[in-house]
Structure formats: C-alpha cells, structure tokens
1. Find which of Ser10, Val63, Ala146 sits farthest along the positive direction of the dipole of the chain, computed with +1 on the beta-carbon of Lys and Arg, -1 on that of Asp and Glu, about the Cα centre.
2. So what are the three principal axis dimensions of the range 82-155 from its Cα atoms, in whole Å, longest to shortest?
3. For the range 7-136, what relative contact order do you get, as a whole percent, if you take Cα pairs closer than 8 Å and at least 6 residues apart?
4. List Thr81, Thr45 from most exposed to least, where exposure is judged by having the fewest other Cβ atoms within 10 Å.
5. Just how large is the dipole of the chain about the Cα centre, in debye to the nearest 20, putting +1 at every Lys and Arg Cβ and -1 at every Asp and Glu Cβ?
6. Just tell me the longest site-free run in the chain, where the sites are GluC sites (Glu not before Pro) in a DSSP loop having at most 15 other beta-carbon atoms within 10 Å.
7. If R₀ is 30 angstrom, what is the calculated FRET efficiency for the pair Glu107 and Asn150, using the beta carbon separation as r and rounding to 0.05?
8. How many nm separate the modelled label positions at Glu125 and Leu39, each set 7 Å beyond the Cα in the direction of the Cβ?
Amino acid sequence: MLNQLPLYASGEIVRGFGRGSKELGIPTANFPLEVVKSLPESLLTGVYYGWANVDSGPVHKMVLSVGWNPFYNNTEKSVETHMLHEFNCDLYGQLLKICIVGYLRPEKSFDSLEALITAIKADIEHAKAHLESPENKKLQEATFFAKNPNGSECK
Ligand SMILES: Cc1cc2nc3c(=O)[nH]c(=O)nc-3n(C[C@H](O)[C@H](O)[C@H](O)COP(=O)(O)O)c2cc1C
Ligand SMILES: Nc1ncnc2c1ncn2[C@@H]1O[C@H](COP(=O)(O)OP(=O)(O)O)[C@@H](O)[C@H]1O
Ligand SMILES: [Mg+2]
C-alpha cells in the first residue's frame, strides 16, 4: 500500500452534499466519480495528507478523505480535498491537482458531529507537521503542479 505513494491525481472540482462548509466548517473540494474510479483500487479508504493546487496556482498543504464517509453513510465513494488555505472565492469547475503523500488513519463513524470535527482538526495538525519534513516538502515543487507565476485560484 505505502509503496504506491506519492500518488498524483487531477480533475475538475464538482459539487458534493454541501456539508463540508455548512456542517463541519471544513470545506472539501470533491472530485467527479470518473476520477474517483480511476484511482488504484489498492488505495485504502481513509484519511491522507499531501499537496494540492487549483488552476496552476500556489501549492498548498492539504488533507484528503477517501471513502464512503461512514458518519453519513454515503452510497458513492468520494475523494475530497481540504486545502489548508483560506480562499476568497469558490473553486467549482476549476482544475484540482493533488499529490497524495502519506496515510493518517482509516475513516470512522463518530458519536457526534463535534467528535468528527475534532478528529479532522487533529488530522490537519498531523498533516502540517508531516509536510514540514525535507523529503515531503520537496514534493511541493513537483513539475506536475505546473505552477504559473500569474496563476490564481480566484478569477
Ligand atoms: C481530513 C478529513 C477527514 C475525514 N474523516 C472522516 C471520517 O473519519 N468519517 C467520515 O464519515 N467522514 C470523514 N470525512 C469526510 C466528511 O464527512 C466530508 O468531507 C463531509 O461530509 C463533506 O462532504 P461534502 O463534500 O459532500 O459536503 C473527513 C474529511 C476530511 C477532510
Ligand atoms: N480551503 C478549501 N479547500 C477546499 N475547498 C474549498 C476551500 N475553501 C473554499 N472551498 C470551496 O468550497 C467547496 C467545498 O465546500 P463543501 O461544503 O465541501 O461543498 P461540496 O459538498 O459541494 O463539496 C469547494 O468545492 C471549493 O469551491
Ligand atoms: Mg466537499
């Protein structure tokens, strides 16, 4: 499992259930089902950390959720990226590129929404720390992200 990382993926940002920002206060940029299906089946469901950019903009730290969101019992598998950056716009329709760097934990159900939010906040702190290692920081510069000095996420 671990030897398939880092894993690169990209696709358009589409709409999910709208829960990330409204219920959790943690927006996630969702990939379309074709992208979800194109990822290797051997990629375990769960929570990951890595790097991401939107429309060739700056490369941000991210946390990623892969699976059926057991707290909500989704019927479709989803792959959702929360970037550790404040955007002043929405990103629907733009191109999201991600580099999945490491695995944090399996997806779980929780007794309350607060417990899910607390777990995600802990994931974010773990991601920030792991991505500071020199080996992981190098991946932020990957040519895959095709950074454009004039590229911006908010049009
Ligand atoms: C870092 C991270 C960890 C997550 N962990 C879980 C989890 O353990 N269980 C779960 O049911 N959902 C988990 N989620 C998924 C959220 O439930 C999901 O992002 C939220 O419902 C928003 O979905 P939406 O994009 O369809 O609005 C996680 C999301 C992120 C970003
Ligand atoms: N830091 C961020 N990381 C990811 N998406 C963000 C971020 N800030 C704003 N967004 C926007 O919020 C949307 C995600 O919010 P969310 O409530 O999860 O909606 P949806 O259910 O449609 O995915 C993204 O598609 C993007 O347009
Ligand atoms: Mg989302």
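All of the numbers you see were taken from the coordinates with simple rules; none came from a lab. This structure is a prediction, so every number in the text was calculated from the model and none was measured. All Cβ positions, glycine included, derive from the backbone under ideal geometry; neighbour counts span all protein chains shown.
1. Most positive-ward Cα: Ala146.
2. For the range 82-155, the Cα extents along the three principal axes come out at 45, 31, 16 Å.
3. On the way: 232 pairs, mean separation 40.8, N = 130.
Relative contact order, the range 7-136: 31 percent.
4. Numbers: Thr81 25, Thr45 15.
Sorted ascending by nearby Cβ count, the order is Thr45, Thr81.
5. On the way: 15 positive and 18 negative charges, 32 e Å.
Charge dipole, the chain, about its Cα centre: 160 debye, nearest 20.
6. Values: sites that count: Glu41, Glu76, Glu86, Glu132.
That would be 87-131.
7. Details: r = 38 Å, r/R0 = 1.26.
Efficiency computed from Cβ-Cβ geometry: 0.20.
8. Taking the two extended label points, one gets 2.5 nm.
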